[in-house]
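The values are calculated or read from the model by the stated rules, or taken from the named source; none is laboratory data. Note that the structure is a prediction, hence the values are computed from the model and not measured. Neighbour counts run over all protein chains shown; Cβ positions are idealised from the backbone, glycine included. For accessibility, only protein heavy atoms count, side chains too; no ligands or nucleic acids. Shrake-Rupley method; radii C 1.70, N 1.55, O 1.52, S 1.80 Å.
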Amino acid sequence: MTGFITALAEHAFLRQAVLAGLLASVACGIVGTYVVTRRITVIAGSLAHTVLGGMGAAYYLRAAQGWQWLHPLHGAVAAALLGAGLIGLVRARSREREDTVISALWAVGMAVGVFFLFKTPGYKADLITYLFGNIVMVDPVALRLLIGLDLVILLLVLVFYNPLLAVCFDEEFARLRGVRVGWLYTLLLMLIALTIVTLVYVVGIVMVIALVTLPASVAGLFVRRLWPTMVLAAALSSVLTVAGLGISYGADLPAGATIVLLTGLVYATAQLAAGLGRRRP
Amino acid sequence: MTVDPRRPPVVEITDLHFAYRGQPVFTGARAVIPAGAFVSIVGPNGGGKTTLLRLVLGLLRPDRGQVRLFGESPRRGRARVGYMPQHAHVDPQFPVTVTDVVLMGRLRPGRLAGPYRRDDREIVRSALQEAEALDLEGRPFSALSGGQRQRVLIARALACRPELLLLDEPTASLDPSVQDDLFELLHRLNERMTVVLVSHDVSSVSRHVDSILCVSQGIDEHPASEISGALAGLFPGSSGLSLVHHDHHHHPHHHEQGGGPGGRP
């Protein structure tokens, strides 16, 4: 670990990686708490895979069409918001088809991504980067975008904290109180979508779901209110991300997988301890 | 509060037609709930009670006919309703405190974004006090018993400052002594607001309420003192019915679909 700290002082790319991990942790602590308490993990998984479609398309347009200003994360944001809007719309219009749309987005988003990456001329290592993460690939453009996303998420959650809580706890009651439930729910889906984008470099699309759900789930064992759960989940996620990065750097392991394994270990231990504690009061 | 015939009725249903997935639930049903009443909507499970509730609250639209709430459309009138859902409807593990839950009753159009104000918090305290749940203030919702959760959800409904308190199965899964306490509370609240509750258990509510709306393929109205043998046909296997024998009024159209004696001699 001391090796990691001296390396941090030496290498800007490592400092950027840590910063990216911390920025993603703030988002996933806050929004992951909604995902866990509202029990919409599957939607988060679907949106994550939809993101690949946008990244693939942006990557293709940049490489094959010369759109140099277009960053893959721009495509990710667009695809994530589109997916969130679609699920929100379908839910408002016809409740029964929601899960089919979620599955369709999951697979089609992925297929679009693979399709564009295949069609892109040249070197194709980026597919692996997007799927499994590569936190040291974070560039200044991506970092600025992550800061922007965090600010948007924080601001929206601060402003809409009360109605969002009401919608998550009891949608019907919220509707009767005049809350525009459909809009709020779509807003929540968009927050989830943006959070997933912040995590793509850290752990990759396939493993995003771990950081969205597990820290919030562990935090929920210790606190019994929404906003403290968010704070604790963000803190836990920060520690796990930085520790995972440190371990992977020292032992030359893939960072994303290390972070997810560490998170899974903490989750399993916490659940086990909580289960034992319940049995022997 | 006694029923005041000079005030406009709280709920007025005329010629209600509604079908759910092609199955008719109401065909020309009528009902009136006067201001100040203490009414129970009873009926077998699947008989349309919840559908009626959702129609009254504007969560469903009638296929034909009219539902008026305080003389307005349900979507407008529901701002004056304090609604308590079945307590199984909310996730007991959700990370909220009692205060968080009751504060949700202070949401209203124009006051949705941003933090709650001090007067909201005062109203929440008085609502908790009224529901005899002030001692639960600040406790995690997940740590409460079923009866305590019920009280908190009533407090949330009261925090809306309602003129009509609408409760869905408030007695479900409560022990008899807790049920009696609950009815005592509802009686006290009825002194200043209309109280309507939905129940599948006619025997436990008929002792407490003024009148009963039977919902089973239509709506029928009875004074509570008049729960008759005719009802037994509507609730096959409902053992509690034998407790009430005031069989001096026969409803000839009782089983007719959509029939309601409201306007009949």
Going by the structure shown, is residue A:213 closer than 14 Å to residue A:35 by Cα, crowded, with 24+ Cβ neighbours inside 10 Å and among the hydroxyl-bearing types (Ser, Thr, Tyr)? no
In region A:225-254, anything open to solvent by less than 30 Å² (accessible area, probe 1.4 Å) and under 16 Å from the mean Cα position of the chain (by Cα) is listed as A:230, A:233, A:234, A:237, A:238, A:240, A:241
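So that you can scan it fast, the table gives a plain yes or no per residue for (1) within 7 Å of chain A (Cβ to nearest Cβ); (2) in contact with a Ser or Thr (Cβ under 9 Å, 6 or more places away or on another chain); (3) not in a loop (DSSP other than H, G, I, E, B):
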{"position": "B:76", "(1), (2), (3)": "no, no, yes"}
{"position": "B:82", "(1), (2), (3)": "no, no, yes"}
{"position": "B:88", "(1), (2), (3)": "no, yes, yes"}
{"position": "B:114", "(1), (2), (3)": "yes, no, no"}
{"position": "B:120", "(1), (2), (3)": "no, no, yes"}
{"position": "B:126", "(1), (2), (3)": "no, no, yes"}
{"position": "B:135", "(1), (2), (3)": "no, no, yes"}
{"position": "B:138", "(1), (2), (3)": "no, yes, no"}
Every residue from region B:140-160 that is away from chain A (no Cβ under 13 Å) and over 19 Å from the mean Cα position of the chain (by Cα): B:145
Screening A:94, A:46 for residues that are open to solvent by less than 30 Å² (accessible area, probe 1.4 Å) and among the polar types (S, T, N, Q) leaves only A:46
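From B:63, B:100, grab the single residue that is more than 9 Å from chain A (Cβ to nearest Cβ), charged (D, E, K, R) and more than 23 Å from residue B:204 (Cβ to Cβ).
Working: B:100 fails: more than 9 Å from chain A (Cβ to nearest Cβ).
The conditions single out B:63.
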